[in-house]
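Okay, so here's the structure we're looking at.
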Amino acid sequence: MSLDIIADHSQPFTLSLTLNGQLDSLTAPDLQKEINKYLKAAIKTLIFNLEKLEFISSAGLRIFAKARKDMKGKGGQVFFLNLTPQVKKVFDIVKAVPLSEVFTSTEELDAYLTVMQSNINKE
């Protein structure tokens with residue numbers, strides 16, 4: 001499935017993006033391009049309306065994390081509205097995971113698992 005992105009920049013200093021569909025590795029670059037169009041403008045508030053977002057993958061979460069970092073760097077804020085139950089569940093899971101269990105890449109996770117398994121084999 002695709003991702004439809006509806007941008008509303010009618011309020012001063014605010015960009016609202018309504019997402020409809022799936023935010024995954026195929027559609028995340030489209031969202032990043034849309035965000036990049038407005039980041040150089042005097043946007044202080046970025047709102048993601050997720051009412052019609054049916055699915056989010058780690059690629060989508062990375063886009064949100066980057067948007068939060070970019071907005072923080074320019075003194076702005078990011079808000080998420082109307083999370084669907086399945087997207088809220090992902091947000092809850094990610095928030096509930098201790099930082100020691102968060103990895104920046106598949107390679108990093110694989111390296112961690114290799115060390116853990118080799119430690120077991122030494123016992």
Study note, to complete from the structure: Across region 25-42, the tally of residues that are at pLDDT 90 or above and assigned to a loop (DSSP other than H, G, I, E, B) stands at 3
Check your understanding: So how many residues does region 35-52 have that are open to solvent by 30 Å² or more (accessible area, probe 1.4 Å) and either aromatic (Phe, Trp, Tyr) or farther than 15 Å from His9 by Cβ (or both)?
Key -> 3
Practice item. Could you list all residues from region 1-34 that are among the hydroxyl-bearing types (Ser, Thr, Tyr), closer than 21 Å to Gln77 by Cα and open to solvent by less than 50 Å² (accessible area, probe 1.4 Å)? Key: Thr14, Ser16, Thr18
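Which is of a type in the set (Phe, Trp, Tyr), out of contact with any Leu (no Cβ under 8 Å at 6 or more places or on another chain) and either open to solvent by less than 90 Å² (accessible area, probe 1.4 Å) or modelled with pLDDT of 90 or more (or both), of Phe64, Phe55?
Every option except Phe64 fails the conditions.
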Revision key, fill the gap. Going through region 4-25 in order, the residues found to be aliphatic (A, V, I, L, M) and in contact with a Ser or Thr (Cβ under 8 Å, 6 or more places away or on another chain) are Ile5, Ile6, Ala7, Leu15, Leu23
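The values are calculated or read from the model by the stated rules, or taken from the named source; none is laboratory data. Bear in mind the structure is a predicted one, so any value in this text is a computation, not a measurement. Every residue, glycine as well, gets a Cβ built from its backbone with ideal geometry; the counts of neighbours run over all protein chains shown. Calculation scope for accessible area: heavy atoms of the full protein, side chains included, ligands and nucleic acids excluded. Shrake-Rupley method; radii C 1.70, N 1.55, O 1.52, S 1.80 Å.
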